[in-house]
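The values are calculated or read from the model by the stated rules, or taken from the named source; none is laboratory data. Here the structure is a predicted model, which means the values were calculated and not measured. Because the Cβ atoms are built from the backbone with ideal geometry, glycine has one as well, and the counts that use them run over all protein chains shown. Heads up: the accessible areas ignore ligands, DNA and RNA and are worked out on the full protein's heavy atoms, side chains in. Shrake-Rupley method; radii C 1.70, N 1.55, O 1.52, S 1.80 Å.
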Amino acid sequence: MKNFERYAFPIFFVVMAILPTLLDPRWQAVAITFLIFAVVALSQDIILGKAGMFNMGQALFFGMGAYITAILNSHYGWPILATIPLAVLLPALFGIVLAAPIVHLRGDYLLVVTIGFNIVFVQVLQNNLGGVTGGPNGIFGLDPLSFFGTQLTSQLAVYYFAFIVLLLTLWVMNNLEKSKAGRALHYLREDHLAAESIGINTRVYKIFAFGLGAGIAGLAGTVFATQYAAVSPEAFEFIVSVLFFSIVLVGGSSIPGVLLGVFVMFVLPEIFREFATWRYFVFGFAMILAMILRPRGIWPATFGKIPKFLIKETRHGA
Amino acid sequence: MAHNELILNNVTKRFGGLTAVDDLSFTVADGQIYGVIGPNGAGKTTVFNCITGIYKSEEGSVQWRGEEIRGMTPYQIVDRGIVRTFQTIRLFGQMSVAENIMSGRHIKSSQSWWHGIVPTLGSRRDEKENWLKVQEQLEFFDLGEFAATPTNSLPYGLQRRVEIARAMAVEPTLLILDEPAAGLNDKETLGLVETIYKIREKGVTVLLIEHDMDMVMEITDYLTVINFGKKIAEGTPVEVQANPAVIEAYLGSEDDDDE
Ligand SMILES: Nc1ncnc2c1ncn2[C@@H]1O[C@H](COP(=O)(O)OP(=O)(O)OP(=O)(O)O)[C@@H](O)[C@H]1O
Ligand SMILES: [Mg+2]
């Protein structure tokens, strides 16, 4: 297990870095989808897995990032990469404003409220609010990536863009694990009252988790808009949020677990085309079985690492 | 007045029709080991909850170092140096002993929320310093060998010790213990008594609830006895033991505790 952890990331990194050169365009597209959805699922993991908040509206933040990129690019001519700061900050800000009045709600209430927000969001897109969202058809014909004036039209460029975004997300999650803020999320999830009683302002950290999760999902939205050169409302429906929610729960709120969940949910259906219509069926059963057999997920989270100098080798040590 | 003194004045806490704490006043002086005793359901835990901000008393005042803390949130009260443990142990069960103790360093850490996204040299140093503080607590409480063990796999006695270690990691001025000896065997209780003395030597005032009368009489400097939420006696252990109202309350209640 230890060896696995040591080598898993370098191997993953190398495989993912050379993978697209071995794939034909159709499979490159599948790989890009995997990267994008992995980022969204990891962002959901911050809110649901680490902080334990039943957020069922992650597709909202994802869609918001995608639409911000699409609107700024198609209506205002911003280059795709230049839209990133707003595609991250606006969803993060929105996440904070949305979370502030609701984070104190009990799990089940929070769930319903976030579903509500997601549904309203899709309605707003479909009704072409302010004349910028394009209604049910969405927005299409976005520019390809460009970097200091050089157009990067190949799909390979989009792949590496998505890959960098995933690496960035993994880096942030790693930083979070080794910080006061990240631990605060674990503490408040494990025992809210104990966390308050040891001095943690749980409200602030819950809102922080929402803001961070929303910002990362927004960034994934930019990549999504880039890949399809288009956005439309149905990609951000409430059912998509359900998938992200389930991936984190079934996967077990660990990075391998979440990546595995994304693979099963979004890549397998592409490999077995006939499986696509069956995926909800299969995934539904997988969820039921996983929750019965492994209530903490297929690949349960291990908590923040403690420094080596604290670990003494004795027969009691873990 | 920055004297480390906790003053409760006419504190009343009701739950619907039940008055769990009834017009209670007492003063804990700097450096004392102060005991609150009383039969089951007397309202002892409720008093502690009113002091630590889990409940807000309907009436009265709770003053700490001359400041009114009634109505503050638990984390604001921790920030002022008052930390507590729970009658029913509340550890972060799936997390290791070291991580549990690290939670006590939360308010001492200088990291901001954004260091969780992008660390700096300063935040890394702060992280290291706080883990070193955790190591100090692990040694003080003789928990070093369990540093990496999840607390829910530890025996009861050790869990109690981890909970006190976590509270001490905050470097409190006033430590509040709700039945710290509950569920401990005699040997573990002796160890606990020693630990409480060592904590006091560090200059920490200790306020505790305890059912183990031998232990209470041995370690406390001063006691308040409550029954049905009301104070029925106070004084030194010797005075309290001789008080007829106390004897009556304990003999009169059918659920006399095993000592
Ligand atoms: N949250 C609450 N809601 C309603 N009643 C409560 C609540 N907390 C405590 N009580 C009631 O208040 C009274 C005092 O309870 P408390 O827990 O303070 O007693 P205690 O002295 O700590 O008892 P024990 O020795 O059993 O721990 C009891 O009658 C209890 O049922
Ligand atoms: Mg009690």
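Run down A:212, A:168 and say which single residue is within 13 Å of chain B (Cβ to nearest Cβ) and surrounded by fewer than 20 Cβ atoms within 10 Å (Cβ to Cβ).
Details: A:212 fails: surrounded by fewer than 20 Cβ atoms within 10 Å (Cβ to Cβ).
Unique residue meeting the criteria: A:168.
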What do you reckon, is residue B:97 at pLDDT 95 or above, crowded, with 20+ Cβ neighbours inside 10 Å and in contact with an Asp or Glu (Cβ under 9 Å, 6 or more places away or on another chain)?
-> no
Restricted to region B:132-148, and to residues that are more than 10 Å from chain A (Cβ to nearest Cβ) and assigned to a helix (DSSP H, G or I), which residue is least open to solvent (accessible area, probe 1.4 Å)?
-> B:137
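Among the candidates A:223, A:267, single out the residue that is open to solvent by less than 40 Å² (accessible area, probe 1.4 Å), assigned to a helix (DSSP H, G or I) and either over 30 Å from residue A:153 (Cβ atoms) or at pLDDT below 85 (or both).
Working: A:223 fails: either over 30 Å from residue A:153 (Cβ atoms) or at pLDDT below 85 (or both).
The conditions single out A:267.
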Condition broken by residue B:122, with the remaining ones in (1) in contact with a Ser or Thr (Cβ under 8 Å, 6 or more places away or on another chain); (2) farther than 19 Å from residue B:180 by Cβ; (3) surrounded by 20 or more Cβ atoms within 10 Å (Cβ to Cβ) satisfied | (3)
Just give me the residues in region A:122-139 being in contact with a helix residue (DSSP H, G or I) (Cβ under 8 Å, 6 or more places away or on another chain) and outside any loop (DSSP other than H, G, I, E, B), in sequence order.
-> A:122, A:125, A:126, A:135, A:136, A:139
Among the residues of region B:215-232, which ones are in contact with a strand residue (DSSP E or B) (Cβ under 6 Å, 6 or more places away or on another chain), open to solvent by 10 Å² or more (accessible area, probe 1.4 Å) and either within 15 Å of ligand 1 (Cβ to nearest atom) or free of Cβ contacts under 8 Å to residues at least 24 places away in the same chain (or both)?
-> B:230, B:231, B:232
Tell me which of these residue B:87 doesn't satisfy, since it passes every other one: (1) within 23 Å of residue A:173 (Cβ to Cβ); (2) in contact (Cβ under 8 Å) with a residue 60 or more places away in the chain; (3) more than 10 Å from chain A (Cβ to nearest Cβ).
-> (1)
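Which count do you get for residues in region B:44-69 that are assigned to a loop (DSSP other than H, G, I, E, B), away from ligand 1 (no atom under 16 Å from the Cβ) and either closer than 16 Å to residue B:167 by Cβ or open to solvent by less than 70 Å² (accessible area, probe 1.4 Å) (or both)?
Filtering region B:44-69 for residues assigned to a loop (DSSP other than H, G, I, E, B) gives B:52-58, B:65-66, B:69.
Still in the running and away from ligand 1 (no atom under 16 Å from the Cβ): B:65-66, B:69.
Next cut, either closer than 16 Å to residue B:167 by Cβ or open to solvent by less than 70 Å² (accessible area, probe 1.4 Å) (or both) only: B:66, B:69.
Final tally of qualifying residues: 2.
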Is it true that residue B:31 is away from chain A (no Cβ under 14 Å), farther than 20 Å from residue B:181 by Cβ and either within 16 Å of ligand 2 (Cβ to nearest atom) or at pLDDT below 95 (or both)?
-> yes
Which members of region B:165-192 meet the condition of being open to solvent by less than 10 Å² (accessible area, probe 1.4 Å), more than 16 Å from ligand 1 (Cβ to nearest atom) and more than 17 Å from residue B:31 (Cβ to Cβ)?
-> B:165, B:166, B:167, B:169, B:170
With respect to residue B:214, determine if the residue is within 16 Å of ligand 2 (Cβ to nearest atom) and over 11 Å from residue B:33 (Cα atoms).
-> no
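On the basis of being under 27 Å from residue A:270 (Cβ atoms) and of a type in the set (A, V, I, L, M), does residue A:39 make the cut? Write out each step before concluding.
Working: under 27 Å from residue A:270 (Cβ atoms): yes; of a type in the set (A, V, I, L, M): yes.
When the stated conditions are applied, residue A:39 passes them.
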Somewhere in region B:40-63, is a residue in contact with a Leu (Cβ under 6 Å, 6 or more places away or on another chain) and either within 13 Å of ligand 2 (Cβ to nearest atom) or more than 14 Å from chain A (Cβ to nearest Cβ) (or both)?
-> yes
